[in-house]
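The structure under discussion appears below in the form of structure tokens.
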Amino acid sequence: MTTGSNEREGTRIPWSFAAGQLLLLIFLVTISFGTLSAQTNRPDNMMAFHLDKAFYVNGEVIWYQLYLPAGFREHDIMLKLSLRDNSGKPVEENFLDTRGGTTVNGYFKLPYDIAPNVYHFLVMATESASKKRVKLGEVAVPVYNDLDDSWKDKPSVSVPSTENVALKGLQLDIQLADSGIKKRGEVSAGIKVTDASGRPVAAELSVSVRDENLAHTAGTIKNITIPVEIDPATLDNDIYINGRLLGPDGQARTGITIGAFASDDRTSYYADTDQEGRFALHLQQFTGDKPLQFVDLQGASFRIELDDQISLDAYPAVQYTEDVKNYLEWSRSRKMIYQLYQTVEAGLQIESPVTETPEMEPDMHIRLKDYASFADLYTFLLEVSTPLKLRKDEEGGLYARMFNPDPRVRVFYQQSPIFIVDGKITRNVNFLQQLDIEKLEVIDEFFDFQRLINYFGKIGSNGVVIVQTSIPNLQLPESEEAGIFSIRVLLPKGKVIQVEDPAPHRPVFKPQLYWSAGEETNAQGQFRLQFPHTDDLGTFIIEVVAKDKDGRMGTVTTSYRVNW
């Protein structure tokens, strides 16, 4: 049995005074009591990070649970989580809704080509009034790459391991059913949470299991002080994408309404720029990745910079200890083993989000295979489509106009319609003309003004043409492709895959032996931990972090050994 305990530290204020100053003392005590009460009742502003490992390797998954201060309880806040390199470029980012609680958990999937470096794990929120992003906290995450041979030539350094920070208020006990486990055997342990007086406490938990040899310069539990000026009551619960609108010359475009179009659910969004060209685009909540294309409503050229305007802390370079080098060697061997068995290490199981594309009834539906072959799109529309026309300008180029057949108007819209080709928006008619007409399958035209506004909003105010092609991975002209971003909003639910019944002769090695977050004890503060171990041998550490509804925290670790 291993026990981790923490007790609250009381505050004792010494007083010294002369006997003849009793009345003055009473007055001072009265004033001080009010001040002391305010200080005592002030919510704690410490945020704790629990990571499943102290460092990571390309292709692995960073699992985490955040423990927010008790003052965040009952405030529904949308957090933005981001993993960034030293230049501020995101590796992966997403949003998590606290839903009035004080714990959130998630993951970052590291790409296989990630450069070795110390990365920045940012926790941000949005101010309700200004819609500006604020940083709640940031921690360093060392990441290595076992496919880059340069690490072999790095000098080995001797750096003492950093112990985890103390978490105060709760005591945790953990009892293993058996401290000696056979490979592929079941690990079973009972966890109990009590307060400093030994009374059982219901708490939320996160549990990690890692190799004992993975000592490093950074711990897995970190505390960050949230800036005192950040009040959870002033933080927003909606999702905003912050950025800046620039012209081709790099100058800010101010006082402009910029549109954005999500092709998978055909939803349009709009935001106005300020005097610096900055905007906050309000998105509806959806889960998973979504392509989002920015569109200038007037058809002018532009450039988008997505930027939260968050400064990063300075971190030293990654350090190569003997433990790190040994792990990189084993990590590379593990990848080779999975390649040999023609499989991959499936450490992450993601719940696939469901996106419903709304039904849209076009004003004109054209299936090109129903018509005789034409030389190009210009000729086809000239013969077949009455509302949509391609016309030639003085220089021989093409432009498009959509006819508005409303009996009260009966006139061509003033500006070019937008063309949504395989989900991507373009106004470049010459690009469309160059496409192989034999690979154009369907053309849907929307020209009724009320229907355009209902379906597409301001983006569709001059007509919309949806084109479906058989062209794989169609690419727009470079300037238009640059306006398309892959946005991950709410993080899909994910979990570590546990191999319950692996094939007898197929090896099972995992960089993440076990991780579980969002767990809860029963009312008696008890939790049962059970999971199957892999073929990995050696000594392994179980680490548990707990927090109760009053914000008290505690942690405990124990170890077990795995043999053949």
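Selection of the range 104-140 for residues being surrounded by fewer than 20 Cβ atoms within 10 Å (Cβ to Cβ), modelled with pLDDT of 95 or more and of a type in the set (Ser, Thr, Tyr) yields SER128, SER130. Report whether or not TYR514 is crowded, with 17+ Cβ neighbours inside 10 Å, aromatic (Phe, Trp, Tyr), at pLDDT below 95 and within 30 Å of PRO362 (Cα to Cα). Here the answer is no, as TYR514 does not meet what is asked. Scanning the range 320-341 for residues that are under 11 Å from TYR144 (Cβ atoms), out of contact with any Pro (no Cβ under 8 Å at 6 or more places or on another chain) and aromatic (Phe, Trp, Tyr) returns a single hit, TYR327. Screening THR534, THR521, THR555 for residues that are surrounded by 14 or more Cβ atoms within 10 Å (Cβ to Cβ), under 16 Å from LYS510 (Cβ atoms) and assigned by TED's automatic domain parsing to the domain that holds ASP178 leaves exactly one candidate, THR534.
Look at the range 239-254: where a residue is assigned by TED's automatic domain parsing to the domain that holds THR98 and at negative phi, no partner that is surrounded by 13 or more Cβ atoms within 10 Å (Cβ to Cβ) and of a type outside the set (Phe, Trp, Tyr) sits 6+ places away or on another chain with Cβ atoms under 9 Å. Specify the residue that is surrounded by the most Cβ atoms within 10 Å (Cβ to Cβ); the eligible residues are those in the range 271-302 that are among the acidic types (Asp, Glu) and either in a strand (DSSP E or B) or touching a strand residue (DSSP E or B) at 6+ places or on another chain (Cβ under 8 Å) (or both). Applying the filter and picking the extreme gives ASP296. Just one of the listed residues (ASN223, ASN237, ASN213) is closer than 26 Å to ARG552 by Cα and outside any strand (DSSP E or B), and it is ASN237.
Of all residues in the range 405-426, those that are within 24 Å of PHE261 (Cβ to Cβ) and out of contact with any strand residue (DSSP E or B) (no Cβ under 6 Å at 6 or more places or on another chain) total 4. Looking only at the range 303-324, decide whether some residue is over 21 Å from the mean Cα position of the chain (by Cα), assigned to a helix (DSSP H, G or I) and either charged (D, E, K, R) or farther than 30 Å from LEU537 by Cα (or both). Scanning the range 303-324, I find at least one residue that is over 21 Å from the mean Cα position of the chain (by Cα), assigned to a helix (DSSP H, G or I) and either charged (D, E, K, R) or farther than 30 Å from LEU537 by Cα (or both), so the answer is yes. Scanning the range 392-414 for residues that are under 17 Å from LEU432 (Cα atoms) and modelled with pLDDT of 90 or more gives LEU398, TYR399, ALA400, ARG401, MET402.
Pull up the range 198-218, narrow it to residues that are farther than 24 Å from HIS533 by Cβ and in contact with a strand residue (DSSP E or B) (Cβ under 9 Å, 6 or more places away or on another chain), then point me to the one that is modelled with the lowest pLDDT. Residue satisfying both the conditions and the ranking: THR217. Note on the range 450-564: enclosed strands (runs of 3 or more DSSP E) holding 3 or more residues that are touching a helix residue (DSSP H, G or I) at 6+ places or on another chain (Cβ under 9 Å) are 464-469.
Return yes or no: is ILE241 within 14 Å of ALA300 (Cβ to Cβ) and surrounded by 15 or more Cβ atoms within 10 Å (Cβ to Cβ)? Answer is no for this residue.
The values are calculated or read from the model by the stated rules, or taken from the named source; none is laboratory data. These numbers come from a predicted model, not from an experiment. With ideal geometry, Cβ positions are generated from the backbone for all residues, glycine too; neighbour counts draw on all protein chains shown.
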